[in-house]
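Derivation of every value follows stated rules applied to the coordinates shown; laboratory data play no part. Owing to the predicted nature of the structure, the values given are computational and were not obtained by experimental measurement. Using ideal geometry, Cβ is built from the backbone for each residue, glycine included, and neighbour counts are taken over all protein chains shown.
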Amino acid sequence: MKRFEGLERKPHAGFVVMTVARLEKVKGIEFLIRAVKDFQLLIIGDGSERKNLENLVKKLNLKERVNFLGEIPNEKIPEYLAAADCFVLPSLKEGFGIAILEAQAAGVPVIATRVGGILDLVEDQKTGILVEPGNAEAITQAILKIRSSPDFARSLVQNAKMNLNAYHWQNIALKVFQIYEDCLSHTNLSA
């Protein structure tokens, strides 16, 4: 049984869902908490909404299922992700979603919302599952699909890993360099 620094994986939960996010309204963590049925949810991160989210967990009687781990050093996050069965980023708005790339690199199937930069990172049903923002039931159904279909979950992970190279810093730097080079070639420097 995998341990998370003082937190033992609860046998009754079986399936571990994880998120890594700032605990702010825009991250939609309340919808992930509402999606918890018979899963264990580990939440890495902190923010101004933590107290409200902890109160929601109490109100929904989910204290046995939801654990707030707080801030974790960045270098330790891959260990936590690799121990999860599924990663969910339920953002209502999102610029890029680097936590998705971290989860994919750790070999974890991803569920995320159809917002912002997430659409550049997740191809629905190919590299992850996309759900509408603010929809706890859709998150639950996506988690159940990953839990009940190990072959599908493995295919999401394999497809996502094939796309990760595009986000390696050397490839990004090369693309930026090519953009600058293209701009310079179309600029009249003699003026």
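Modelled label positions at L56 and Q125, each set 7 Å beyond Cα in the direction of Cβ, lie 2.9 nm from each other.
If both residues of a DSSP beta bridge must be in segment 3-164, then about 10% of such bridges are antiparallel. Exposure proxy for D46, D124, D151: other Cβ atoms within 10 Å of each Cβ, ordered fewest to most, give D151, D124, D46.
Counting only aspartates and glutamates at least 8 places from K161 when in the same chain, those with an alpha carbon closer than 20 Å to its own are E75, E79, D85, E102, D120, E123, D124, D151.
Which entries in the list K58/K93; K51/K145; K51/K126 go over 29 Å, if you measure between the two C-alpha atoms of each?
Details: K58/K93 26 Å; K51/K145 31 Å; K51/K126 36 Å.
Beyond 29 Å between Cα atoms: K51/K145; K51/K126.
Rg and Dmax of segment 3-164, based on Cα coordinates, read 14.2, 42 Å. Net charge in the neighbourhood of R154 (other residues with Cβ under 14 Å of its Cβ; Lys, Arg +1, Asp, Glu -1) is +2. Can you list the aspartates and glutamates whose alpha carbon is less than 12 Å from that of K63, not counting same-chain residues fewer than 8 positions off? Within the straight-line limit of under 12 Å, K63 reaches these aspartates and glutamates: E54.
Electrostatic bookkeeping for V122 treats Lys and Arg as +1 and Asp and Glu as -1; over the other residues with beta carbon under 11 Å from its beta carbon, the sum is -2.
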